[in-house]
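Have a look at the structure below before the remarks.
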């Protein structure tokens, strides 16, 4: 039984990690607390849902499409809103993204009603992997694997491409980066797009086993905040490990203390760890 | 010493007279909420505006206050006035307990910690049977009485109770702002290291700010509970309330004693009016427009309305000076 719970926690942890990776990118590089991150995830879930509903594209196949849509959306959000609040203090940016989150949530409600929607009959639905006495749901396994792949892609992109290195340079010092000939404006746009692409992928992966509704992103955005802080702002590997820790905490804590307390334990773990590492596990 | 004492007194008098002139229930309703939120904004301003420590968890103190007075009234028939005080003390105690571990953290790490604390408190209240858990508490309805702080025929007493608290709070805030403590807090805001190096005990002062702020927020919470007469953990402890407090203070002008009042005067009527006019459809148009307006304000007036006033004043002054020069 405990084995089952640990495995479930790990699988969920990888999905949390991917959502958090998207958030830590914008937070670490641009110092923007994006309160609309969960809403972008929600839009990612909806985009897969509608592609399945209207064109019967399986959520697995719609991953690149969702990623592309959310990448573009991320760039648009940057160009229209974030760019204008970058110069001000952090709270102004927070206001703008909070307004955006409210707008997107209610736009989804306006367009698609507050009803819960599910994707029935996707490729992965109802499949199971049985190893000994541990049963793994196929959607969760696929989502975890997909999340790992996307996280690795992001890490590789950041370390091995010119654009990725430019993003890191900009994160360290914007004015120096721009003196070195980096178009920081473009870098920020790409960072926001990349952050969107992460939740686009996460949304597509989650859409086959989570209910889809306008508020569906809100909870994940709060958890993602905690994961990002736990891992250290801007640290992608930190987000990955913290995601796993939070996934495990939630599963194990929920098992021993009752599911109604699982999120309380998640937040408690943050408060405890942060006492030992005041700048997150991997921050400095 | 309180600077601009006169302005404050006139301001409060005007707010006090307004509901006597405009006698409409919807206006009175907006005014009660506006004053309660402005009070919350003032409280938050002490921690974030003065001391520079961003709190995303003020809903916790607000909720504790609302619950303390409601539970005492509902279970033990104790007057909300006493409950209010109990709530304030409880919230101050909670603030004291959480301050020590959280104030070691800086910047966003602190902000997320306050958010985490508020979420934990919410979860506890949801599964705490003694306070009716997720069902919430419907306060017993009694005849209009000052002792039970319940008024059904008119909203005016609520306005004056809330305004009374607000008046005390705004005087307290402007006193703190010009006191030694206020200067210490601002020093901490500008540079934590420098403040420490000149001998300010930063932890003590930040904790004091948090405790005062929590106490005030809880009092506002008790009044709110008596006004709406129904409370549950989801309406009180949500991130939405915490952010609404942040929102209106930043909108009005952060770190300024008039900021929360200005912000609340814009935000609360806006959200109430859009809710009444457009909320009936149940499709969220009101909040959509509200969100959009928040974005616009953040993008084009990042320093808050008070920043705009400052700018205009400076412009007027400059124009005036120009004139004098031209004359001579």
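The values are calculated or read from the model by the stated rules, or taken from the named source; none is laboratory data. Values in this document were obtained by computation on a predicted structure and should not be read as measured data. We place every Cβ from the backbone using ideal geometry, glycine too, and count neighbours over all the protein chains shown.
Remarks
- Qualifying residue in region B:113-120 (condition: within 10 Å of another protein chain (Cβ to nearest Cβ), farther than 28 Å from residue B:190 by Cβ and in a helix (DSSP H, G or I)): yes
- Residue in region A:68-78 that is within 12 Å of chain B (Cβ to nearest Cβ), under 23 Å from residue A:225 (Cβ atoms) and out of contact with any helix residue (DSSP H, G or I) (no Cβ under 7 Å at 6 or more places or on another chain) present: no
- Among residues of region A:254-279 being in contact (Cβ under 8 Å) with a residue 12 or more places away in the chain and within 7 Å of chain B (Cβ to nearest Cβ), the one that is nearest to residue A:8 (Cα to Cα) is A:263.
- For region B:59-79, the set of residues classified as more than 14 Å from chain A (Cβ to nearest Cβ) and buried (at least 24 other Cβ atoms within 10 Å of the Cβ) consists of B:61, B:62, B:63, B:64, B:65, B:66, B:67, B:68, B:69, B:70, B:73, listed by residue number.
- Number of positions in region A:114-129 that are within 15 Å of residue A:211 (Cα to Cα) and touching a residue at least 24 places away in the same chain (Cβ under 8 Å): 8
- Conditions (1) more than 21 Å from residue B:239 (Cβ to Cβ); (2) touching a residue at least 24 places away in the same chain (Cβ under 8 Å); (3) part of a helix (DSSP H, G or I); number of the one not met by residue A:97: (1)
- Index of the failed condition, residue B:53 passing every other in (1) within 14 Å of another protein chain (Cβ to nearest Cβ); (2) in contact (Cβ under 8 Å) with a residue 24 or more places away in the chain; (3) assigned to a helix (DSSP H, G or I): (3)
- Where residue B:148 falls short, out of the listed (1) within 12 Å of chain A (Cβ to nearest Cβ); (2) touching a residue at least 12 places away in the same chain (Cβ under 8 Å); (3) in a loop (DSSP other than H, G, I, E, B): (1)
- Condition check for residue B:270: more than 11 Å from chain A (Cβ to nearest Cβ) and farther than 30 Å from residue B:180 by Cα: yes
- Summed over region B:80-112, the residues that are in a helix (DSSP H, G or I), surrounded by fewer than 19 Cβ atoms within 10 Å (Cβ to Cβ) and within 9 Å of chain A (Cβ to nearest Cβ) give a count of 2.
- Given (1) surrounded by fewer than 21 Cβ atoms within 10 Å (Cβ to Cβ); (2) within 12 Å of chain B (Cβ to nearest Cβ); (3) in a loop (DSSP other than H, G, I, E, B), number of the condition residue A:110 does not satisfy: (3)
- If only residues of region B:245-265 that are within 9 Å of chain A (Cβ to nearest Cβ) and under 19 Å from residue B:118 (Cα atoms) are counted, the one that is modelled with the lowest pLDDT is B:247.
For every residue, the table says whether it meets (1) modelled with pLDDT under 90; (2) part of a helix (DSSP H, G or I); (3) surrounded by fewer than 24 Cβ atoms within 10 Å (Cβ to Cβ).
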| position | (1), (2), (3) |
| --- | --- |
| A:12 | no, yes, yes |
| A:19 | no, yes, no |
| A:28 | yes, yes, yes |
| A:49 | no, yes, yes |
| A:57 | yes, no, yes |
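- Residue count for region A:118-145 under the criterion of being crowded, with 18+ Cβ neighbours inside 10 Å and in contact with a helix residue (DSSP H, G or I) (Cβ under 6 Å, 6 or more places away or on another chain): the result is 5.
- Of all positions in region B:125-142, none carries a residue that is over 24 Å from residue B:35 (Cβ atoms), without any contact (Cβ under 8 Å) to a residue 24 or more places away in the chain, assigned to a helix (DSSP H, G or I) and at the interface with chain A (Cβ under 8 Å from one of its Cβ atoms).
- Residue A:92 fulfils the conditions (1) within 14 Å of chain B (Cβ to nearest Cβ); (2) farther than 29 Å from residue A:247 by Cα; (3) within 23 Å of the chain's Cα centre (by Cα); (4) surrounded by fewer than 20 Cβ atoms within 10 Å (Cβ to Cβ) except for a single criterion, (4).
- Counted residues, region B:287-310 - those being at pLDDT below 80 and more than 8 Å from every other protein chain (Cβ to nearest Cβ): 8
- Residue pairs whose Cβ atoms lie under 9 Å apart, separated by 6 or more positions or on different chains, with the first residue in region A:54-76 and within 30 Å of residue A:185 (Cβ to Cβ) and the second part of a loop (DSSP other than H, G, I, E, B), are A:65/A:57; A:66/A:59; A:66/A:207.
- Check on residue B:162, in contact with a helix residue (DSSP H, G or I) (Cβ under 6 Å, 6 or more places away or on another chain), assigned to a helix (DSSP H, G or I) and surrounded by fewer than 20 Cβ atoms within 10 Å (Cβ to Cβ): no
- Search result, residues across region A:30-47 that are within 13 Å of the chain's Cα centre (by Cα), part of a helix (DSSP H, G or I) and closer than 22 Å to residue A:171 by Cα: A:37
- Residue match in region A:239-248 (condition: touching a helix residue (DSSP H, G or I) at 6+ places or on another chain (Cβ under 8 Å), surrounded by fewer than 24 Cβ atoms within 10 Å (Cβ to Cβ), at negative phi and within 13 Å of another protein chain (Cβ to nearest Cβ)): no
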